[in-house]
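One structure is given below, encoded as structure tokens.
The values are calculated or read from the model by the stated rules, or taken from the named source; none is laboratory data. Note that the structure is a prediction, hence the values are computed from the model and not measured. Using ideal geometry, Cβ is built from the backbone for each residue, glycine included, and neighbour counts are taken over all protein chains shown.
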Amino acid sequence: MIKLLDTDVVINFLRRYNPEITKKIKDLIAQGIDLTITQITLSELWYGIYRLKSKSKRILESKKLNNLIINLPEILTLDSNSSRIYGEICAELDKSGLRVPQFDLLNASIAIANKIHFITHDKKHFPRINKFSEFDFLELWA
């Protein structure tokens with residue numbers, strides 16, 4: 001089984017902001033669950049690192065991210081199916097006046113297309129997306 005991690009969860013894990021997140025992720029790994037990210041999340045993480053003002057902090061965070069990347073079974077990306085799902089759900093959200101950030105919708109579309117659970121803290125945007133999906137991809141963490 002594979003689960004997809006949202007950017008906020010990865011940041012919490014890498015920076016150890018929340019010991020509960022670290023424990024949950026370690027528990028999933030101990031259960032044999034493969035965790036992964038998307039190229040969108042990876043891009044967001046690199047952006048965050050390069051925004052850091054301190055060069056030593058950038059180096060430290062880069063090492064943490066590289067250690068994570070080499071231990072992932074794969075990094076998921078958009079394909080034709082996830083792109084179609086993105087377009088469909090984006091149009092539905094627009095019609096309903098429930099627009100969400102594009103990166104969130106792209107990540108959700110990849111999870112839906114691959115029928116894998118998506119772990120996030122984002123209780124605002126992802127539940128909106130989940131309403132328009134036939135596959136319940138969402139796993140909200142407190």
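One table, with the values for the structure above:
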| quantity | calculated |
| --- | --- |
| Selection within region 98-112 - over 13 Å from residue 40 (Cβ atoms) and either modelled with pLDDT of 95 or more or among the β-branched types (Val, Ile, Thr) (or both) | 100, 112 |
| Qualifying position, being touching a strand residue (DSSP E or B) at 6+ places or on another chain (Cβ under 7 Å) and among the β-branched types (Val, Ile, Thr), among 77, 22 | 77 |
| Subset of region 25-61 (residues that are farther than 15 Å from residue 7 by Cα and either touching a residue at least 12 places away in the same chain (Cβ under 8 Å) or of a type in the set (Ser, Thr, Tyr) (or both)) | 28, 32, 33, 34, 50, 54, 56 |
| Check on residue 88, of a type outside the set (Phe, Trp, Tyr) and more than 15 Å from the chain's Cα centre (by Cα) | yes |
| Residue 18, sole failed condition from (1) without any contact (Cβ under 8 Å) to a residue 12 or more places away in the chain; (2) surrounded by 15 or more Cβ atoms within 10 Å (Cβ to Cβ); (3) assigned by TED's automatic domain parsing to the domain that holds residue 136; (4) not basic (Lys, Arg) | (3) |
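Quick grid of which residues meet (1) buried (at least 16 other Cβ atoms within 10 Å of the Cβ); (2) touching a helix residue (DSSP H, G or I) at 6+ places or on another chain (Cβ under 9 Å); (3) assigned to a helix (DSSP H, G or I):
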residue	(1), (2), (3)
89	yes, yes, yes
93	yes, yes, yes
105	yes, yes, yes
109	yes, yes, yes
112	yes, yes, yes
132	yes, yes, no
135	no, yes, no
139	yes, no, no
